[in-house]
1. Can you confirm whether residue 42 is farther than 24 Å from residue 134 by Cβ and modelled with pLDDT under 85?
2. Checking residue 54 against (1) over 21 Å from residue 126 (Cα atoms); (2) in a loop (DSSP other than H, G, I, E, B): exactly one of these is not met. Which one?
3. For region 331-344: of the residues being buried (at least 20 other Cβ atoms within 10 Å of the Cβ) and not in a loop (DSSP other than H, G, I, E, B), which is modelled with the highest pLDDT?
4. For residue 59, all conditions in the list (1) assigned to a helix (DSSP H, G or I); (2) modelled with pLDDT of 85 or more hold save one; what is the number of the exception?
5. Tally up the residues in region 104-135 that are exposed (fewer than 15 other Cβ atoms within 10 Å of the Cβ) and at pLDDT below 60, please.
6. Are any residues in region 274-293 under 44 Å from the mean Cα position of the chain (by Cα) and more than 17 Å from residue 393 (Cα to Cα), and if so, which ones?
7. Select from region 320-330 the residues that are assigned to a strand (DSSP E or B) and either hydroxyl-bearing (Ser, Thr, Tyr) or at positive phi (or both) and list them in ascending order.
Amino acid sequence: MLFMPIDVESKLLIVDDLPENLLALDALIRGRGRIVFQATSAEAALALMLEHEFALAILDVQMPGMNGFELAELMRGTERTRHIPIIFVSAAGREMNYAFKGYESGAVDFLQKPLDAHVVASKVNVFVDLHRHRKALKHEMEALAAAHREQAELVDKLQVAQGDLERAVRMRDDFMSMVSHELRTPLNTLYLETQVRKLHLGKGNMAPFAADKLPAMIERDQRQIQNMVRLIDDMLDVSRLRSGSLSIRPKPFDLAQLAQRVVESLVNQAEAVGSSIQLEAQGPIEGLWDEFRIEQVLTNLLTNALRYGRGSPVAVTVQRLGEQARMTVRDQGIGIAAADHGRIFEQFERTDDSRKHAAGLGLGLYITREIVRAHAGDIDLESAPGEGALFRVTLPLQAPHPG
């Protein structure tokens, strides 16, 4: 890969104890894109090197106090200055061991006095170009590192998106599988019932259609139809929640009366599982809520309590607490492990124990929670395996109006 030099200023340091030598050397090396710093002592040069990044240092060998060789050795012993190229300047006619000592001190080149302008310019140009190329290389490496980081971040985001997509596909497939299974159960029951009735009619056997048997037959059909309607309603509610179009239409009503009505509607279902529902309502409890949705909340909680309550009585309380209303539903059933308390309020989530006791899509508690939240309320759970469950719904007396 070819690295093009970037437009960068090169700082040059010249060190000599004689001002006239500094002026002469400055005039020879100064040029476009260069800044020349002068120092008349090794100490002043070190101070400048600690403050600036130099492309080249030109040191006079003979200086009072610390000479050029000693300064070079100090530079090589300091991390910040060890990589600065050094050119020594010495008087013509000096013995050759000056050059050897200079190279031992870390010099990269020597200039002899009197200075040849062309030679000085050529040597300085080499090191300035090297500095510019080194800067360009560093810039390119930093750009490559940044691009690599961006690429790694993009890969991570793509992997997360892929994981989300795969989960969504699995959720869709699981959902369709569950829906098919759940709908097939009542449909199969209805289909078998109709086939049996068809056989009876084909044989002229009207006994199963006697007046005393028709109510039970109708009730069985109605129960299966209600199960399918409930499943379809749950799916529609989930679709509305995802699109943000679940409507909340608050109006004044008595929560205690609603609770009484819901309990009465579930009496037959409770008797079918050998249970009962005990209601304690401190009424009237007037509030502004969506009556249909709050009825849905209480029905969902009571249906679950009957389904997983192992035939034990279910207790319902409705009360007013200041500017809030509270409903609780307590059963004495299989209970829920603490680790599952949050999870069961999500879509399609069910505990292993719940799957063993009853079929379902795992949508009821999710819908319940979202309805409660839409009323600016809160729902929480107290439960442990084998110790039943207590669901507590708290609602402000006035639900927020849709924006």
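The values are calculated or read from the model by the stated rules, or taken from the named source; none is laboratory data. Just so you know, these numbers come straight off a predicted model, no measurement behind them. Positions of Cβ are generated from backbone atoms using ideal geometry, with glycine treated the same way; all protein chains shown enter the neighbour counts.
1. Numbers: farther than 24 Å from residue 134 by Cβ: yes; modelled with pLDDT under 85: no.
Here the answer is no, as residue 42 does not meet what is asked.
2. For residue 54, the failing item is (1).
3. My answer is 331.
4. With (1) assigned to a helix (DSSP H, G or I); (2) modelled with pLDDT of 85 or more applied to residue 59, the lone miss is (1).
5. Count: 1.
6. Hit for region 274-293 is 277, nothing else.
7. Of region 320-330, the ones assigned to a strand (DSSP E or B) are 320-321, 324-330.
Selection gives 328 alone.
The rows are residues; the columns are (1) of a type in the set (A, V, I, L, M); (2) loosely packed, with under 14 Cβ neighbours inside 10 Å; (3) over 50 Å from the mean Cα position of the chain (by Cα).
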{"residue": "22", "(1), (2), (3)": "yes, no, yes"}
{"residue": "26", "(1), (2), (3)": "no, no, yes"}
{"residue": "65", "(1), (2), (3)": "no, yes, yes"}
{"residue": "84", "(1), (2), (3)": "yes, no, no"}
